[in-house]
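A.B. asks: Encoded as structure tokens, here's the structure I'll be asking about.
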Amino acid sequence: MALSKAVTELKSSKPSQSRKGRKEETRHRILMAALQLVDEGRSPSELGLREVARSVGMAAPSIYNHFADMDELGIALVEESLTRLRSVARSARKQMQNEDLAKALKLLLQQFLLSINESESALRLLIMQWFNPNPEYRKIIRRDMSIMRQDLAENMEQTAAKKGLMLGEFSLESDVIFSLLITYILNVMDMDKTKREERLKVLEQQILMIVIRGAVASSR
């Protein structure tokens, strides 16, 4: 009896799980379509849900099953873009722990440049939405930027410990490095890949000096 009940419950749960999966897939398609429109030069503030729906190839009313309005879609896009950046940053930081300082930094910045080249639409979206009249966008961006700065500071501490350096807080260095990275992004968005790589070499030297000074200061 118990087995029969369990089988019945399992069967009844499958359609629900399938519907949930389809809904998530459709939501993802909507987000990617909106990002594509931004990548083509459209401002998020100029987009409408019906236009995004046409881009996905779905009936306009159906999109309201996923997003109540354009602000809700815009916030979801910002969160999706920040999730991508955090994933790239996390992957790059892991490589730092097993390399010497200069090589670790080079690896980190190579990943950083790759993420810029591959995620231009996401970055442009974040830049544009920073100036959106709705303060919720800035709140979300600040939140994730703060988390990434903290993650970087903690990773620098762990790397210093593994390499036998004196421990210290790297929050100041992390803040300065993030400021340099953001400035770099703003400066190179309209440059070709060659010029981006040239600017990256300058950025590498700037960050290397900051990291070395931080390590020296911590050892005193």
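Computed from the coordinates by the stated procedures, all read-outs in this text should not be read as laboratory data. Everything numeric in this text was worked out from a predicted model, so none of it was measured. Quick reminder, even Gly has a Cβ in these numbers, built from the backbone with ideal geometry, and neighbours come from all protein chains shown.
A.B. asks: Spelling out what I want: for every residue of the range 170-181, take phi, set θ = phi - 60°, compute 6.51 cos²θ - 1.76 cosθ + 1.60 (Karplus), and round to whole Hz; glycine and proline get x.
C.D. replies: Along the range 170-181, the couplings run 10, 5, 5, 4, 4, 4, 5, 4, 5, 4, 5, 5 Hz.
A.B. asks: Set the bar at 32 Å for Cα to Cα. Now go through Lys23/Lys103; Lys20/Lys106; Lys162/Lys193; Lys20/Lys139 and name every pair that lies beyond it.
C.D. replies: Check vs 32 Å cut-off fails for Lys23/Lys103; Lys20/Lys106; Lys162/Lys193.
A.B. asks: Related question: Provide the packing ranking of 201-210, 67-76, i.e. peptides ordered by the mean count of other C-beta atoms within 10 Å per residue, highest first.
C.D. replies: 67-76, 201-210
A.B. asks: What ranking, highest mean first, results for peptides 45-55, 116-126 when packing means the other Cβ atoms within 10 Å averaged over each residue?
C.D. replies: Answer by packing, highest mean first, reads 116-126, 45-55.
A.B. asks: Sequence neighbours fewer than 8 away in the same chain don't count; with that in mind, list the aspartates and glutamates whose C-alpha is under 20 Å from Lys195.
C.D. replies: Hits, sequence-local ones excluded: Glu118, Glu120, Glu204.
A.B. asks: Spelling out what I want: for every residue of the range 37-50, take phi, set θ = phi - 60°, compute 6.51 cos²θ - 1.76 cosθ + 1.60 (Karplus), and round to whole Hz; glycine and proline get x.
C.D. replies: Karplus values, whole Hz, x for Gly and Pro: 5, 5, 5, 7, x, 7, 7, x, 5, 8, 6, x, 4, 5.
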